[in-house]
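The values are calculated or read from the model by the stated rules, or taken from the named source; none is laboratory data. From a predicted model like this one, the values you see are computed outputs, not experimental measurements. Here Cβ is always computed from backbone atoms with ideal geometry, including for glycine, and neighbour counts include all displayed protein chains.
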Amino acid sequence: MTDNRPGDRSYRRGENGRSIPTDRESPVGAPVIRGDESVAGTRAREAVQFDPDDPESLADAAETVHQFATGETNDDHLYMLRGAAACAALVRGEGSYKAAAERAGGDATVSFIRKWARVHDLPRSVRKQVAIGRIAPTAAKHIARVGGEARLLLAWAILDGDLTVRDVRSVASAINDGTPIDQALAEHDVTLGRLELTLSPTTYRDLRRRASIEGVDPGQLVTEALEQYFE
């Protein structure tokens with residue numbers, strides 16, 4: 001994402017060469033998550049699309065950002081994603097964060113709009129966790145400060161490491177200062193890649209048996225199997 005044009009698509013390649021989306025892939029302002037009934041339930045029908053190329057829709061976005069910045073929007077994850085979408089659409093339509101802030105007025109500062117527009121620009125997998133309440137919107141703002149694959153790893157570390165918003169802020173700052181993400185997470189007693197899984201008794205039995213025979217950690221076998229699965 002460039003400074004003034006949120007929504008640019010970005011991909012990174014993992015160690016195995018797979019292309020990994022690290023930014024939003026769908027059009028700016030589209031209610032992909034907010035309009036998904038499996039996530040939002042009946043509220044999906046209320047999802048608003050902000051079209052940065054439509055004057056009326058852009059006016060709605062400006063009003064939504066104004067309300068969002070002044071605290072008139074409900075303290076609700078889906079409403080916050082709506083506010084983030086409005087911020088991103090307004091920036092795209094006006095051409096810059098500064099112009100968007102001037103259009104929205106009130107408490108909608110450049111900094112406020114930039115932070116929330118970047119949340120809208122997060123990949124779908126992360127935004128979905130925000131929508132269902134597993135990642136706090138305030139934590140998502142710090143995830144969005146990080147670029148590339150590290151933002152995905154930080155998001156999943158929140159789920160598996162029980163990081164607080166303050167922890168996420170600290171880790172994001174450390175990453176942006178050049179600290180490798182595994183080291184930044186270790187400072188908060190989180191091991192990158194550690195995930196607790198519940199297996200069926202049969203799978204558990206066979207995994208432990210194979211690991212014992214081959215003399216390897218079960219995690220190595222799981223990693224190898226999943227790498228083949230994701231190819």
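Taking helices (runs of 4 or more DSSP H) that fall entirely within region 64-138, which contain at least 3 residues that are in contact with a helix residue (DSSP H, G or I) (Cβ under 8 Å, 6 or more places away or on another chain) and closer than 21 Å to ASP162 by Cα? Spell out how you get there, then give the answer.
Values: elements: 77-94, 97-104, 110-120, 124-131.
Those helices (runs of 4 or more DSSP H) span 124-131.
The rows are residues; the columns are (1) surrounded by 19 or more Cβ atoms within 10 Å (Cβ to Cβ); (2) closer than 16 Å to ALA84 by Cβ; (3) more than 13 Å from the chain's Cα centre (by Cα); (4) in contact (Cβ under 8 Å) with a residue 40 or more places away in the chain.
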{"residue": "VAL126", "(1), (2), (3), (4)": "yes, yes, no, no"}
{"residue": "LEU152", "(1), (2), (3), (4)": "yes, no, no, yes"}
{"residue": "TRP156", "(1), (2), (3), (4)": "no, no, no, no"}
{"residue": "THR198", "(1), (2), (3), (4)": "no, no, yes, no"}
* Top-ranked residue of region 56-84 - restricted to ones that are among the small types (Gly, Ala, Ser) and over 17 Å from GLY133 (Cα atoms), ranked as surrounded by the fewest Cβ atoms within 10 Å (Cβ to Cβ) -> GLY71
* Structure fact -> Every listed condition ((1) surrounded by fewer than 18 Cβ atoms within 10 Å (Cβ to Cβ); (2) in contact (Cβ under 8 Å) with a residue 40 or more places away in the chain; (3) assigned to a helix (DSSP H, G or I)) holds for ASP53 save (3)
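Quick check on region 99-116. Is at least one of its residues of a type in the set (A, V, I, L, M), out of contact with any Cys (no Cβ under 9 Å at 6 or more places or on another chain), closer than 20 Å to ASP60 by Cβ and modelled with pLDDT of 95 or more? First the steps, then the outcome.
Narrowing region 99-116 to residues of a type in the set (A, V, I, L, M): 99-101, 104, 108, 110, 113.
Subsequent filtering for residues that are out of contact with any Cys (no Cβ under 9 Å at 6 or more places or on another chain) retains 99, 101, 110.
Now restrict to residues that are closer than 20 Å to ASP60 by Cβ: 99, 101.
Going one step further and asking which of them are modelled with pLDDT of 95 or more, we end up with 99, 101.
Yes, there is a match, as at least one residue in region 99-116 is of a type in the set (A, V, I, L, M), out of contact with any Cys (no Cβ under 9 Å at 6 or more places or on another chain), closer than 20 Å to ASP60 by Cβ and modelled with pLDDT of 95 or more.
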* Asked: Given the conditions (1) assigned to a helix (DSSP H, G or I); (2) under 19 Å from the mean Cα position of the chain (by Cα); (3) charged (D, E, K, R), and given that GLU224 satisfies all but one, which numbered condition is not satisfied?
  -> (2)
* Asked: For region 1-50, how many residues meet the condition of being in a loop (DSSP other than H, G, I, E, B) and either under 21 Å from ARG92 (Cα atoms) or at pLDDT 85 or above (or both)?
  -> 28
* Would you check if GLY219 is surrounded by 12 or more Cβ atoms within 10 Å (Cβ to Cβ), out of contact with any helix residue (DSSP H, G or I) (no Cβ under 8 Å at 6 or more places or on another chain) and touching a residue at least 60 places away in the same chain (Cβ under 8 Å)? => no
* To do: For region 178-186, indicate whether the set of residues that are at pLDDT 95 or above and touching a His at 6+ places or on another chain (Cβ under 9 Å) is non-empty.
  => no
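Go over the candidates ALA211, ALA184 one by one and state the one that is in a helix (DSSP H, G or I) and either assigned by the TED database to the domain that holds ILE113 or under 19 Å from VAL126 (Cβ atoms) (or both).
Values: ALA211 fails: either assigned by the TED database to the domain that holds ILE113 or under 19 Å from VAL126 (Cβ atoms) (or both).
Criteria check complete, one pass: ALA184.
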* How do the pairs read when you match residues in region 78-97 that are assigned by the TED database to the domain that holds PRO123 with residues anywhere that are polar (S, T, N, Q) and crowded, with 23+ Cβ neighbours inside 10 Å, using Cβ under 7 Å and keeping only pairs 6 or more apart or on different chains? -> ARG82/THR64; GLY83/THR64; ALA86/THR64
* To do: Taking SER173 as meeting all but one of (1) exposed (fewer than 13 other Cβ atoms within 10 Å of the Cβ); (2) assigned by the TED database to the domain that holds ARG151, write down the number of the exception.
  => (1)
